[in-house]
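Asks: Quick one: this structure, given as structure tokens, is what I'll be asking you about.
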RNA sequence: GUGGGUGUAGCUCAGGUGGUUAGAGCGUCUGGUUGUGGCCCAGAAGGUCGGGGGUUCAAGUCUCCUCACUCACCCCA
């Protein structure tokens with residue numbers, strides 16, 4: 001048996017990389033338009049970082065992390081997400097002391113030992129943006145605007161932005177106990193999954209898909225009733241900002257997060273087509289004013305989001321591979337291959353993209369490859385006179401003999417080929 | 001993690017009730033007259049039928065296990 005790649009960890013071949021690059025460069029551009037700077041952080045962190053930020057009871061930490069002990073005895077983990085490390089770096093470099101507001105973005109591979117499915121892999125790629133130091137609702141709105149601008153720039157339109165507010169941690173604690181009480185009182189009619197969630201993560205019951213739970217959910221106490229006046233004002237301002245920016249959204253009272261450090265604004269962007277199946281969320285984010293203190297920093301407001309590139313990719317129309325040379329060098333005979341190599345090298349030094357075929361196959365075969373490559377010019381290499389050279393325009397089918405020294409100008413279109421042999 | 005579906009050439013797929021050298025299209029390669037592409041034509045290469053056990057005179061076809069992919073759930077972005 002030949003060695004195969006790890007389950008859930010995929011190769012990305014040249015024809016696909018084109019689309020990946022588009023996703024990445026587009027994100028860089030949009031982030032920089034919004035005043036965000038790129039950070040590049042390690043793929044491996046101390047396991048403790050994720051225990052402290054994500055929490056010990058979540059599925060991610062409990063059973064999905066790639067954790068190991070290295071030869072020095074340190075407990076390390078392949079990062080399962082990007083926010084924890086970004087916050088760690090923010091604190092480690094004391095970035096908050098240099099500037100009042102720190103706006104960073106990142107892109108990279110993340111690792112989670114989940115069961116692979118469409119749009120979900122064990123090595124997957126996320127892009128994300130985090131803003132530290134600004135508690136205002138305007139920061140939330142700007143961040144969502146960034147996310148929307150990015151998705152729009154990719155040509156994705158069938159999307160829905162869902163927002164909700166979790167309120168401050170005190171409001172949420174109060175709500176949580178009421179909610180727990182409510183579900184306890186009706187535990188007989190809860191689905192099996194939700195019964196489990198009642199112990200591990202009661203808020204999660206709110207976004208249960210089980211039909212058995214729906215009736216109960218409709219009557220469940222609303223988080224919005226437990227928000228403080230400041231929380232409510234904050235959320236209202238977020239909404240009015242979205243309105244004035246012309247960004248459509250729906251308020252989803254059942255939108256929740258399992259993690260404790262989230263506060264106030266929460267948002268997700270979902271795909272409305274069925275292209276992703278059950279994995280319809282393409283972007284998730286929100287405010288996490290409680291995160292930095294978990295890492296030992298002083299209270300620092302923060303908002304951020306992350307998107308999975310595999311899911312975005314699944315929504316993108318197929319783009320043609322763009323590895324198209326402008327010149328294809330054809331060797332008239334096997335002995336002309338040395339000259340073909342020389343011509344290619346000279347043209348490449350001038351910045352032309354050049355391909356060729358040195359296998360010594362027939363001219364016909366080389367021409368077929370030249371045609372398939374999409375090159376606009378074929379240059380014929382021969383053993384003979386090196387002062388002139390024959391070239392063929394593959395779009396018009398015209399063949400010309402030009403002085404070798406004029407070749408660069410002709411193929412770049414700066415000088416018309418003067419003589420024609422066909 | 002739970003439950004379903006699928007797994008045959010590089011790719012997309014055919015291969016009723018088990019029976020001789022496993023097929024097609026696309027792609028690749030070589031040709032179709034003396035050195036030149038895209039269309040067309042011909043030929044060739046390429047498969048231990050995901051892997052391993054079992055039943056059988058005989059298994060791509062039945063059975064068990066295993067691996068991979070995929071869908072739903074779970075979880076998440």
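Computed from the coordinates by the stated procedures, all read-outs in this text should not be read as laboratory data. The shown structure was predicted, so the numbers you read here are calculated from the model rather than taken from an experiment. Please note: Cβ atoms are built from the backbone with ideal geometry, for glycine as well, and neighbour counts cover all protein chains shown.
Asks: Can you sort A:34, A:186 so the residue with the fewest Cβ neighbours within 10 Å comes first? Show your work: numbers first, answer last.
Replies: Details: A:34 18, A:186 14.
Least to most surrounded, the residues fall as A:186, A:34.
Asks: Compute the acute angle (0 to 90°) between the alpha-carbon long axis of helix A:14-33 and the principal axis of greatest extent of the alpha-carbon atoms of chain A; round to the nearest 10°.
Replies: Roughly 60 degrees, rounded to the nearest 10.
Asks: Let me ask something additional. Return the inverse of the average 1/r over all pairs of distinct C-alpha atoms in the range A:1-125, which is the Kirkwood hydrodynamic radius, in Å to one decimal. The partial results should precede the final answer.
Replies: On the way: mean 1/r = 0.0603 Å⁻¹.
Kirkwood radius, the range A:1-125: 16.6 Å.
Asks: Further question: How far is helix A:83-92 tilted off the main Cα axis of chain A, in degrees rounded to 10, range 0 to 90?
Replies: Here the helix axis deviates by roughly 90 degrees.
Asks: Give me D for the range A:327-420 in µm² s⁻¹, whole number, from Stokes-Einstein with Rh from the Kirkwood sum over alpha-carbon pairs, 37 °C and 0.692 mPa s.
Replies: Working: Rh = 13.0 Å.
Approximately 253 µm²/s, per Stokes-Einstein.
Asks: Continuing with the same structure: Return, for the Cα atoms of the range A:170-221, the radius of gyration and Dmax in Å, separated by a comma.
Replies: Here Rg and the maximum Cα pair distance are 10.1, 31 Å.
Asks: Report for the range A:261-401 the percent antiparallel among DSSP-assigned beta bridges with both residues inside it, nearest 5. Before the final figure, lay out the partial values.
Replies: Working: 17 of 25 bridges.
Around 70 percent antiparallel, to the nearest 5.
Asks: Using a Gaussian network model of chain A with C-alpha springs under 10 Å, which one of A:342, A:158, A:26 is most mobile by mean-square fluctuation?
Replies: A:342
Asks: Just to be sure I understand: of the beta bridges DSSP finds with both ends in chain A, what percent are antiparallel, rounded to 5?
Replies: Working: 52 of 64 bridges.
In chain A, approximately 80 percent of DSSP beta bridges are antiparallel ones.
Asks: Here is a follow-up. Relative to the first principal axis of the alpha-carbon coordinates of chain A, what is the inclination of helix A:229-245, with its axis defined by its Cα atoms, in degrees from 0 to 90 and to the nearest 10?
Replies: 30 degrees
Asks: Could I ask something else about it? Between rounded, prolate and oblate, where does the range A:151-253 land on the alpha carbon gyration tensor, with a ≥ b ≥ c its root eigenvalues, rounded for a/c under 1.5, else prolate if a/b exceeds b/c?
Replies: Values: a/c = 2.89, a/b = 1.52, b/c = 1.91.
Because a/c hits 1.5 or more and a/b fails to exceed b/c, the range A:151-253 counts as oblate.
Asks: Along each of its three principal axes, how wide is the spread of alpha-carbon positions in the range A:250-384, in whole angstrom units, largest first?
Replies: 77, 39, 20
Asks: Measuring from the lowest to the highest alpha carbon on each principal axis, how far does chain A reach, largest first, in angstroms?
Replies: For chain A, the Cα extents along the three principal axes come out at 93, 56, 46 Å.
Asks: Continuing with the same structure: Find the centroid of the Cα atoms in the range A:140-196 and in the range A:88-131, then give the distance between the two in whole Å.
Replies: The two parts, judged by their Cα centres, are 21 Å apart.
Asks: Using the count of nearby Cβ atoms within 10 Å as a rough guide to exposure, how do A:400, A:93 rank from fewest to most?
Replies: Details: A:400 19, A:93 12.
Final ranking by Cβ density, sparse to dense: A:93, A:400.
Asks: Across the range A:150-194, what fraction of all alpha-carbon pairs, as a whole percent, falls in each successive 10 Å bin from zero upward?
Replies: Spelled out bin by bin, the range A:150-194 gives 20, 25, 25, 21, 9 percent.
Asks: To make sure I understand, if each residue's beta carbon is the centre and we count other beta carbons within 10 Å, what order do A:3, A:250 fall in, fewest to most?
Replies: Working: A:3 4, A:250 11.
Least to most surrounded, the residues fall as A:3, A:250.
Asks: What does the C-alpha gyration tensor say about the overall shape of the range A:35-188? Classify as rounded when a/c is under 1.5, otherwise prolate if a/b is larger than b/c, or oblate.
Replies: Values: a/c = 1.31, a/b = 1.04, b/c = 1.26.
The shape class here is rounded.
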